[in-house]
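Data first, discussion second: the structure below is written as structure tokens.
Where a number appears in this text, it was derived from the coordinates with a stated rule and is not lab data. Fair warning: this is a prediction, and the values are worked out from it, not measured in the lab. Positions of Cβ are generated from backbone atoms using ideal geometry, with glycine treated the same way; all protein chains shown enter the neighbour counts.
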Amino acid sequence: MSETIEAPAGNLPELTVSEIAGAVKRTLETAFGRVRVRGEITEMKIYASGHTYLALKDEGAKIRAIIWKGNAARVGLKPENGLDVIATGRITSYPERSEYQLIIERLDYAGEGALLARIERLRKKLAEEGLFDASRKRALPMLPRVIGVVSSPQGAVIQDIKTTIARRFPSRIVLWPVAVQGEAAAAQIAAAIEGFSALAPGEPIPRPDVLIVARGGGSLEDLMAFNDEAVVRAAAASTIPLISAVGHETDTTLIDFASDRRAPTPTAAAELAVPDRIALAANLAQSGARIAGALTRIAQAARLRLDRASAALPDLPSLLGSARQRLDDRGERLALALPNVVAARRRALERMTARLMHPRELIAAKRHALALLTHRMAVPTGAMLREGRLRLDSLAARLEGLSYNAVLARGFALAIGPNGEPITSAKAASAATRFEIRFGDGGVAVRTESRKSPPVQPSLDL
């Protein structure tokens with residue numbers, strides 16, 4: 001008979017899976033609290049709910065992490081796969097999968113080295129696309145009527161720009177206020193640049209002739225909004241000439257490469273945007289003086305050439321007096337010459353008239369000469385006509401005697417083929433299947449009897 005031996009229960013309490021998972025969760029949250037974790041972002045995915053799920057990894061381990069939707073706009077930077085960051089948050093667990101995870105409340109770049117490497121990768125990518133080419137740069141307008149400024153409405157930047165423009169060349173300033181650092185800064189700056197470009201002439205908000213994108217100095221993290229890809233692309237696509245003035249003189253951001261001009265400071269950007277009216281007035285005065293001097297020299301040179309030309313000209317009053325005297329002399333001589341010429345012509349005409357016949361006498365003489373000529377021509381013409389008629393009759397008789405019709409009239413016949421050609425041999429008549437025999441009084445159609453054709457010899461068709 002067998003016996004069942006029960007194992008001793010001991011002093012360990014019996015826990016359910018949910019109880020042990022809850023205990024682990026409380027232990028993690030109590031023991032660690034808020035932590036800062038450095039690692040590379042990987043496996044990042046944004047769900048339809050708006051929550052961002054990712055993992056942080058280093059050479060030896062990986063931890064799951066979550067950015068809740070409500071905190072996504074406040075974490076400090078936009079997470080991307082491959083980005084080296086320092087995540088600040090709370091350690092907790094997910095009991096359904098028995099996993100521990102990090103609830104991220106803030107993200108920071110893991111040192112300037114990581115930031116610079118990320119900026120350099122983006123710079124090379126955009127440079128390969130041609131966004132930084134010198135051929136894309138446009139000239140700034142000399143006298144802009146409206147100047148658009150994309151910057152923070154608070155701080156010294158906008159005041160420096162206003163003061164400089166008012167001092168150099170007062171112009172209208174239109175400010176598009178934006179955040180210049182933080183998570184939302186890049187989107188606001190890009191939207192401001194695109195908004196200025198979309199303005200059309202004649203709208204309530206005037207379209208600027210030049211744009212200034214500016215902010216004061218700061219750390220590399222503070223200036224990261226101006227290294228954002230969306231901001232750089234918006235600057236490159238701007239339809240308005242753009243001046244970048246971000247940070248101090250030694251600071252360089254990617255928007256500087258895409259802008260048409262880079263200024264080391266916001267004040268320098270304002271100086272680039274408008275000319276110095278005092279210097280401009282001085283240049284205008286200097287240019288006016290140079291133009292006046294050049295015109296004076298041109299007038300003096302023209303006057304000198306005119307004086308030289310006038311010195312080489314003859315005495316016009318003397319020439320006019322001589323010409324007037326010659327005219328009077330010729331007029332007097334003409335007055336005496338005309339009557340003499342008329343009298344000479346009249347005497348010549350009278351002598352010619354005396355030798356001329358009366359028209360009636362001239363006509364009668366011509367008529368008598370014509371009658372004599374007609375009588376003389378009539379005698380030989382009649383003889384020539386009679387001789388020609390006799391010769392023509394003789395030729396006609398000879399032609400008639402040679403005609404084949406005269407031969408047919410004498411009893412002969414003529415064989416005519418189907419195409420009107422004469423048949424002149426028996427061989428040709430035998431070869432024709434039908435022909436016509438013509439006599440002096442008409443024709444008779446003849447059809448030959450069919451004969452057996454000789455065999456056809458084959459021939460080589462060349």
Could you work out how far helix 316-355 tilts from the main Cα principal axis of the chain, as a 0 to 90 degree angle to the nearest 10? 30
Against the longest principal axis of the chain, how steep is helix 185-198, in degrees 0 to 90 to the nearest 10, with axes from Cα atoms? 20
Counting pairs of alpha carbon atoms under 8 Å apart in space and at least six apart in sequence, what relative contact order in percent does region 99-247 give? 27
Which of the peptides 95-102, 156-163, 184-191 is most tightly packed, and how do the rest follow, going by the mean number of other Cβ atoms within 10 Å of each residue? 184-191, 156-163, 95-102
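Beyond 12 Å, how much of the Cα-Cα pair distribution for region 129-190 remains, as a whole percent?
Value for region 129-190: 75 percent of Cα pairs lie more than 12 Å apart.
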Largest to smallest principal axis extent of the C-alpha atoms in region 407-447, angstrom: 28, 17, 14
Size of region 144-275 along its principal axes in angstrom, Cα-based, largest extent first? 37, 29, 25
Amide H to amide H under 5 Å from residue 100: which residues, 5+ apart in sequence or cross-chain, H placed 1.01 Å off N in plane? 94
Which whole-Hz ³J(HN,Hα) couplings does region 162-168 yield from phi under the Karplus relation 6.51 cos²θ - 1.76 cosθ + 1.60, θ = phi - 60°, glycine and proline marked x? 4, 4, 5, 5, 5, 6, 7
In order through region 406-414: 3J(HN,Hα) via Karplus (6.51 cos²θ - 1.76 cosθ + 1.60), integer Hz, x for Gly, Pro: 5, 5, 4, 5, 8, x, 8, 10, 10
For region 102-190, listing GluC sites (Glu not before Pro) in a DSSP loop whose Cβ sees at most 13 other Cβ atoms within 10 Å gives 129
By the Cα gyration tensor axes a ≥ b ≥ c (a/c under 1.5 gives rounded; else a/b larger than b/c gives prolate, otherwise oblate), the shape of region 287-338 is prolate
Going residue by residue through region 19-34, the Karplus relation 6.51 cos²θ - 1.76 cosθ + 1.60 with θ = phi - 60° gives ³J(HN,Hα) values, rounded to whole Hz and with x marking Gly or Pro, of 5, 5, 5, x, 5, 4, 4, 5, 4, 4, 5, 7, 6, 9, x, 7
At a threshold of 8 angstrom on Cα-Cα distance, excluding pairs fewer than six apart, so keeping six or more, what relative contact order does the chain reach in percent? 8
Amide H neighbours of residue 174 under 5 Å, at least 5 residues apart or on other chains, H built in the peptide plane: list them. 147, 148, 149
In this model, which of 78/137; 69/124; 45/125; 78/162; 125/162; 78/125 are farther than 25 Å apart at the alpha-carbon? 78/137; 69/124; 78/162; 125/162
Can you grab the distance from the C-alpha centre of region 150-211 to the C-alpha centre of region 340-363, Å, no decimals? 111
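Using 0.36 nm per residue of separation minus the Cα-Cα distance, give me the extension gain between residue 183 and residue 297 in nm, one decimal.
That pair, residue 183 and residue 297, stretches by 34.4 nm at full extension.
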Hey, what angle do you get for helix 111-128 against the long axis of the chain, alpha-carbon based, 0 to 90 degrees rounded to 10? 10
Could you give the spread of the C-alpha atoms of region 17-109 along their three principal axes, from largest to smallest, in whole angstroms? 37, 31, 20
Note to self: Kirkwood Rh of the chain, Cα pairs, one decimal, Å, is 37.8
Between residue 137 and residues 5 or more places away or on another chain, the pairs with built amide H atoms under 5 Å apart involve none
Considering Cα pairs under 8 angstrom that are at least six residues apart, work out the relative contact order of region 39-147 and quote it in whole percent. 20
With the Cα gyration tensor of region 256-413 in hand, give its eigenvalues times 5 under a square root as the equivalent ellipsoid semi-axes, listed largest first in whole angstrom. 105, 58, 11
Between region 281-323 and region 398-433, how many Å separate their Cα centres? 109
